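Below you'll find the structure, written out as structure tokens, and then a few comments.
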Amino acid sequence: MEKWAGITGTGTTTDPSTMFLLQQYWWIIVAVLGGLFVLMTMVQGGQSLFHTAKDEMEEKALINSLGRKWELTFTTLVMFGGALYAAFPLFYSVSFGGAYWVWMLILFGFVLQAVSYEYINNPNNLIGKGAYKAFLYFNGVVTVILVGAAVGTFFTGSNFSFDTTTRILEWGTAADGINLRGLEAAIDFGHGAWFNVAFGVLLFAIARLLGAMWIINDVDNNEFADLIARVRAASKRCFFVFLGALVVVLYGLVTLKGYSYDIHTGKVFMEDNKYLHNLLAGYGIQLIIFGIGAVLFLLGIFQSIFGNSTGGIKASGLGAVLIGIIVFTLAGLNGTPFYPSYADLQSSLTIQNTSGSEATLWVMTGVSLAVPFVLGYIAYVWYQMKKDGPITREELEDPESHAY
């Protein structure tokens, strides 16, 4: 077992090489689900475009276009979180046990979303339609930026120490002695907050652009021509925010002194240009996939935002999924701690020291065979909601329709 000291995980194994493959397999599953979640943030991004509606019918068109999809976003989020929890339980206990203010705000944002779509058009609701719109804005802007900043800490690290023997977690305090419980990810610029914030803004810009392209695809462009024109105008401005945030994030990824660990000893150390090395590993396959994703994402933008096509969401959606997958593989594969600690390097969490036992991963591997069926269900529901064509004024005025 000495040769594979970093492969033991939180359980035991009689075959370290098999355990290693199972851990890799499950991180790839997490990466795929993470990529799908990036695509589904189009709902949150679309919510940040409510200001483009100038009358009740336009607003209703937006609410219906997005409201029919938020459940699918939540399904993807639950699958992503469930895979992380089951495969890498120690990450959950450390992250949620330490950075709980960030995670509670994120979860609170998704609760607000669910409540808002349920009650926004109910007559005589207690707090008024405007309050629910504000909740949806919060979910579409603040929640998405916080999610991005949290993912940014997968690269810059968090302020914790964890004793694997005593299982005691300590979350460090800021310079002023205040324990921010994860909020330092967006405040402590000395430990990479600039990268985390840029990552959050980048995710928000991606979500808004995807949301705009979805609305352009889902709402009748002739009957709602003025609304579509305003959505395109807002998205063109967002595109430049996207470019600025992308430059900062890419600069960080290729220049950051990243975290690395020795697969045989489990020891963590700092490595110059670690994430650039990850991107180029394996004959550059990750770089190629990332490049394909970026080209597809930009293609969709120029089709639907700068052009007049309604189909840009297809190319950009696939591109967003590919980009999301590569981001997560960069953070967790090739001997990289996916939740590093800048307070204590050896407390950093890897897919090896956070995973469940070999038996658990084998059982979950069997369960993972059901994932295609869940994705098939999502695709089927999506098809059923789209088969009647784009949203029209007649549909929104029909009390027998599925309008909100």
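The listed peptides 61-67, 258-264, ordered by packing as a protection proxy, come out as 61-67, 258-264 (highest mean of other Cβ atoms within 10 Å first). Taking a straight line from the alpha carbon of LYS257, these aspartates and glutamates sit under 14 Å away, with near neighbours fewer than eight places off in the same chain left out: GLU271, ASP272.
Accessible area of VAL147 (1.4 Å probe, protein heavy atoms only, ligands and nucleic acids ignored): about 20 Å².
Sorting GLU394, GLU170, GLU271, GLU71 by solvent-accessible area of protein heavy atoms yields GLU394, GLU170, GLU71, GLU271, largest first, with a 1.4 Å probe. Normalising the average separation of contacting C-alpha pairs (under 8 angstrom, six or more residues apart) by the number of residues puts the relative contact order of the chain at 28 percent. Taking θ as phi - 60° and the Karplus parameters 6.51, -1.76 and 1.60, the scalar couplings of segment 353-363 work out to 8, 10, 6, x, 6, 4, 4, 4, 5, 5, 4 Hz in sequence order, x denoting glycine and proline. From largest to smallest, the equivalent ellipsoid semi-axes obtained for segment 340-394 from the alpha-carbon gyration tensor read 42, 21, 5 Å. Take the Cα of VAL241, step 7 Å toward its Cβ, do the same at ASN222, and the gap between the two points is 3.3 nm.
Taking 20 °C and 1.002 mPa s as conditions, segment 16-397 diffuses translationally at an estimated 99 µm²/s according to Stokes-Einstein applied to its Kirkwood radius (Cα pairs). Computed with a 1.4 Å probe on the full set of protein chains, the accessible area for ILE325 sits at about 40 Å².
Using the 2.2 N^0.38 Å rule of thumb for compact globular proteins, work out how segment 244-298 stacks up: its C-alpha Rg over that value, please. Compactness ratio reported: 1.33. Please determine, in degrees from 0 to 90 and to the nearest 10, the orientation of helix 193-218 with respect to the longest principal axis defined by the Cα atoms of the chain, where the helix direction is its Cα long axis. The angle comes out near 40 degrees.
Once you mark the trypsin sites (Lys or Arg not before Pro) that are in a DSSP loop and have at most 14 other Cβ atoms within 10 Å, what is the longest gap between them in the chain? For trypsin sites (Lys or Arg not before Pro) (loop position, at most 14 other Cβ atoms within 10 Å), the longest site-free span of the chain is 268-386.
Shown here for segment 286-390: chymotrypsin sites (Phe, Trp or Tyr not before Pro) in loop regions (DSSP other than H, G, I, E, B) with at most 12 other Cβ atoms within 10 Å, of which there are none. In the context of the full protein assembly, VAL363 retains an accessible surface of approximately 100 Å², using a probe radius of 1.4 Å and ignoring ligands and nucleic acids. The H on the amide N of VAL219, modeled in the peptide plane, is under 5 Å from the matching H of ILE391, each at least 5 residues off or on a different chain. Note on the chain: antiparallel DSSP beta bridges, both residues inside, total approximately 80 percent of the bridges counted. Simple point charges give the picture: +1 on the Cβ of Lys and Arg, -1 on the Cβ of Asp and Glu, and for the chain a dipole about the Cα centre of about 520 debye. Summarising the amide proton neighbourhood of TYR339: residues at separation of 5 or more, or on other chains, whose placed amide H is nearer than 5 Å comprise LEU349.
For segment 42-54, 3J(HN,Hα) computed residue by residue from phi via the Karplus equation (6.51, -1.76, 1.60; θ = phi - 60°) reads 4, 5, 4, x, x, 4, 6, 10, 4, 5, 6, 7, 10 Hz, glycine and proline entered as x. Applied to segment 280-287, the Karplus parametrisation 6.51 cos²θ - 1.76 cosθ + 1.60 on θ = phi - 60° returns per-residue 3J(HN,Hα) values of 8, 5, x, 6, x, 4, 5, 5 Hz, with x for Gly and Pro.
Computed per residue of the chain from DSSP H runs no shorter than four, each worth -39500 (n - 2.57), the mean residue ellipticity at 222 nm is -21000 deg cm²/dmol. Residues considered: MET364, MET213, MET42. Largest GNM mean-square fluctuation over the chain, using C-alpha springs under 10 Å, is found at MET364.
Distance from the alpha carbon centroid of segment 99-135 to that of segment 197-221 works out to 20 angstrom.
The values are calculated or read from the model by the stated rules, or taken from the named source; none is laboratory data. Everything numeric here is computed off the predicted structure, so don't read it as measured data. So basically every Cβ, Gly included, is an ideal-geometry build from the backbone, and we count neighbours across all protein chains shown. To get the accessible areas, we keep the full protein, side chains included, count just its heavy atoms, and leave off ligands, DNA and RNA. Shrake-Rupley method; radii C 1.70, N 1.55, O 1.52, S 1.80 Å.
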